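Below is one structure, written out as structure tokens; comments come after it.
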Amino acid sequence: MILAINIAQETKVPPKTKSLISKTLAQAISKNYQEQKQSLILINRRGYAPVLSCSSCNWLSKCSQCSSYMVMHKPGALGKRSVLNCHHCGLVKSIPQFCPDCGNADLKTLGQGTQKLEDSIEEMWPQARVLRVDADSSRKSKGAEELFQEIHDGNVDIVVGTQMIAKGHDYQNIGLVAVLDADARLYSADFRAAERLFAQLVQVAGRAGRAGAEGEDGGDIYIETQYPEAPVFQYLLRHDVDGFMAYIARERDEAKLPPFTYQGLVHAEAKSLEKAIGFLNELKARLKQHGMVPIDVYVYDPVPKTVMRVAGSERAQLVIESTNRKLLQEILENIDRDLRQQSQGRISKVSRIRWLVERDPIAI
């Protein structure tokens with residue numbers, strides 16, 4: 001059975017604890033635990049909380065090297081104390097005792113990660129054996145394979161982890177799989193977001209969808225979402241993979257997105273966004289000046305990447321699109337040749353811009 005839980009209509013239980021899950025899911029986990037079956041709870045966000053915030057001035061724990069937020073981690077793989085860690089550049093900082101902007105000592109966490117969920121589960125089921133499996137726990141003491149073996153050997157009642165626990169493992173005693181915060185990947189600037197979420201959920205469902213050792217039915221899958229009517233969930237509930245792929249194909253065809261058109265991407269990385277954008281603008285101007293943009297090819301204006309800054313470098317991109325794959329490949333080859341003539345390796349000699357030409361990019 002697959003059930004989409006509308007968390008907008010649910011309450012967290014029990015109300016006086018740190019519970020981070022819905023009443024419906026809590027009851028299902030309790031029943032599964034009483035039946036001596038294992039529960040698998042996934043949230044695709046490691047660490048304790050995605051952001052640390054000041055309740056007074058709304059300061060947020062932004063990374064000084066990247067255009068992203070630093071994630072709070074409990075003592076463990078990253079040190080003996082709680083720290084802030086950027087998942088893009090790897091920067092680790094101590095947690096401030098006071099707000100860096102206003103001096104307020106009331107700093108709070110926003111959102112939840114695997115560590116925070118682990119604490120909540122341990123409080124709700126104090127007798128249960130809880131195991132967290134993510135990139136942090138797998139490098140802290142035991143390796144990932146040893147953690148997986150603990151699950152296979154039946155030494156764990158409730159497993160909390162990221163997507164890594166759902167890949168390629170046949171857990172025989174899993175009676176319940178739950179996916180929390182599924183909406184985080186539902187709405188995104190990436191046009192492939194719904195497709196990737198659907199593939200992830202199908203993979204996750206496979207952990208509980210297998211028959212047990214004696215041929216009994218597979219377990220149940222619970223998905224917490226605020227948008228249960230979204231097509232990605234509706235097709236999943238009907239086990240209709242072909243129907244979902246047909247729906248996605250119609251959407252892509254109407255929007256003229258891959259695979260009904262073809263794309264190339266030129267990446268540029270510099271010390272300032274202005275230099276990166278300028279480099280790509282110059283490239284676009286040369287393409288037009290030399291007559292390298294046929295009518296069947298569209299060159300967009302350069303824009304910052306979704307995560308604009310990583311490790312102190314500013315990043316931009318230039319999208320080139322065509323319905324003629326052969327023509328697009330020829331243009332990308334000409335661009336690569338043009339940039340190499342002005343560069344040492346993949347760094348331009350004059351402006352010191354690091355660049356890369358990507359064919360059929362998997363993310364834009």
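List of remarks:
- Contour excess over end-to-end distance, with Cα ends at Glu123 and Asp101 and 0.36 nm allotted per residue: 4.5 nm
- Simple spin-label estimate for Val293 and Ala249 gives 3.3 nm between the two label positions (7 Å along the Cα-to-Cβ direction from each Cα).
- Extension gain for Lys349 to Gln27 (0.36 nm times residue separation, less C-alpha to C-alpha distance): 109.6 nm.
- Nitroxide proxy distance, nm - points 7 Å out along Cα→Cβ at Asp190 and Arg139: 2.1 nm
- For segment 220-364: relative contact order, % (alpha-carbon pairs under 8 angstrom, 6 or more apart): 28 percent
- Correct choice for Rg/Rh (Cα atoms, Kirkwood Rh) that was computed from the model, options (1) 1.03; (2) 0.96; (3) 0.98: (1)
- Peptides ranked, highest mean first, by Cβ atoms within 10 Å: ranges 225-236, 302-313: 225-236, 302-313
- Extended-chain gain in nm, criterion 0.36 nm per residue less alpha-carbon gap, Asn155 and Ser56: 31.2 nm
- With both labels modelled 7 Å from their Cα along Cα-to-Cβ, the Lys80 to Leu327 distance reads 6.6 nm.
- Using alpha-carbon coordinates, inclination of helix 114-124 to the longest axis of the chain, degrees: 10 degrees
- Of Lys271/Lys349; Lys74/Lys116; Lys37/Lys74, pairs whose Cα-Cα distance is over 18 Å: Lys37/Lys74
- Sequence ranges 31-39, 198-206, 290-298, ranked by mean other-Cβ count within 10 angstrom, highest first: 198-206, 31-39, 290-298
- Convex hull volume of segment 157-204 per residue (C-alpha atoms, cubic angstrom): 82 Å³
- Whole-percent carbon and sulfur share, accessible surface of the chain, 1.4 Å: 49 percent
- Simple point charges give the picture: +1 on the Cβ of Lys and Arg, -1 on the Cβ of Asp and Glu, and for the chain a dipole about the Cα centre of about 1560 debye.
- Percentage relative contact order, the chain, counting C-alpha pairs under 8 Å, at least six apart: 17 percent
- Taking packing as the residue-averaged number of other Cβ atoms within 10 angstrom, the listed peptides 123-133, 151-161 run from highest to lowest as 151-161, 123-133.
- Relative to the longest principal axis of the Cα atoms of the chain, helix 325-341 runs at roughly 70 degrees.
- Cysteine residues of the chain whose Cβ has no partner cysteine Cβ closer than 4.7 Å: Cys89.
- Using the Cβ-Cβ distance between Leu356 and Glu282 with R0 set to 25 Å, the FRET efficiency from 1/(1 + (r/R0)^6) comes to roughly 0.95.
- Using every pair of separate Cα atoms, the Kirkwood estimate puts the hydrodynamic radius of segment 236-340 at 15.6 angstrom.
The values are calculated or read from the model by the stated rules, or taken from the named source; none is laboratory data. Values in this document were obtained by computation on a predicted structure and should not be read as measured data. Cβ coordinates were reconstructed from backbone atoms using ideal geometry, including for glycine residues, and neighbour counts include every protein chain displayed. Accessible surface areas use protein heavy atoms only, side chains included; no ligands, DNA or RNA. Shrake-Rupley method; radii C 1.70, N 1.55, O 1.52, S 1.80 Å.
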